[in-house]
Amino acid sequence: MTTTLRMTDAELIKACLAHDRLAQKTLYERYCNAMYTLAYRITGDYDTASDVLQEAFVKIFSHLAGFRQESTLGAWIKVIVTRTALSKLRKQTRWEELTPNHQEESVDWGHRIDIDYLDQAIQSLPVGYRTVFWLIEVEGYGHKEVAEMLSISEGTSKSQLFYAKKRLREILGERG
């Protein structure tokens with residue numbers, strides 16, 4: 001018999017559905033670090049990210065039988081964690097509609113930036129800016145998807161991203 005550490009995702013899912021506690025622990029451990037990081041990047045708060053991770057894994061195990069394997073298990077888990085984090089943010093955040101017209105522009109930072117400083121700069125953004133920036137620029141969602149996930153308009157998503165990039169340029173320019 002294959003040990004749980006060497007199981008494929010399909011084997012792991014089957015064992016989890018059979019209530020194999022070791023398989024459930026293995027599934028959690030296989031994805032918890034990456035998903036905690038994702039939750040933290042979205043929420044910007046360690047405690048909230050821990051809450052999100054816990055809530056998300058309760059949902060994951062509750063709905064594992066419904067996983068249709070149309071994507072990878074990791075991608076499915078990532079969607080659940082993202083939606084759980086966004087739901088938590090929605091309860092805590094009031095989104096403001098911003099109306100200025102603007103065009104998206106590529107960013108040329110002009111100098112080398114270390115990853116820790118960039119991470120600090122992103123985390124210092126207001127929650128709305130940070131969330132939209134992270135979902136679009138890092139996770140690869142489109143404005144329409146982000147608008148639906150956050151229950152905001154596409155215009156607000158575009159504005160939040162525009163101002164997030166503008167603020168990041170200011171923060172990172174101070175370092176230059």
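No value in this document is a laboratory result; all are computed from the given coordinates. Keep in mind it's a predicted model, so treat the numbers as computed, not measured. Positions of Cβ are generated from backbone atoms using ideal geometry, with glycine treated the same way; all protein chains shown enter the neighbour counts.
Things to note:
- Helical segments meeting 24 Å axial Cα length and Kyte-Doolittle -0.5 threshold in the chain (DSSP H): 21-43, 46-63, 73-92
- For a paramagnetic label modelled on Ile171 (point 7 Å from Cα along Cα→Cβ), amide N atoms under 15 Å away belong, within segment 33-70, to 40-46.
- Dipole in debye (nearest 20) - the chain, about Cα centre, beta carbon charges: Lys, Arg +1; Asp, Glu -1: 380
- Extension gain, Lys144 back to Lys59 (0.36 nm per residue minus Cα-Cα distance, nm): 28.1 nm
- Helix-derived mean residue ellipticity, 222 nm - over the chain, DSSP H n ≥ 4, -39500 (n - 2.57), to 500: -21500 deg cm²/dmol
- Positive-end residue of Thr82, Leu27, Thr4, charge dipole of segment 4-92 with Cβ unit charges: Thr82
- Dimensionless Rg/Rh of segment 115-175 - Kirkwood Rh, Rg from C-alpha atoms: 0.99
- Above-threshold pairs, the threshold being 30 Å between Cα atoms, out of Lys25/Lys158; Lys91/Lys166; Lys14/Lys158: Lys25/Lys158; Lys14/Lys158
- Cα pair distances exceeding 16 angstrom across segment 4-92, given as percent: 50
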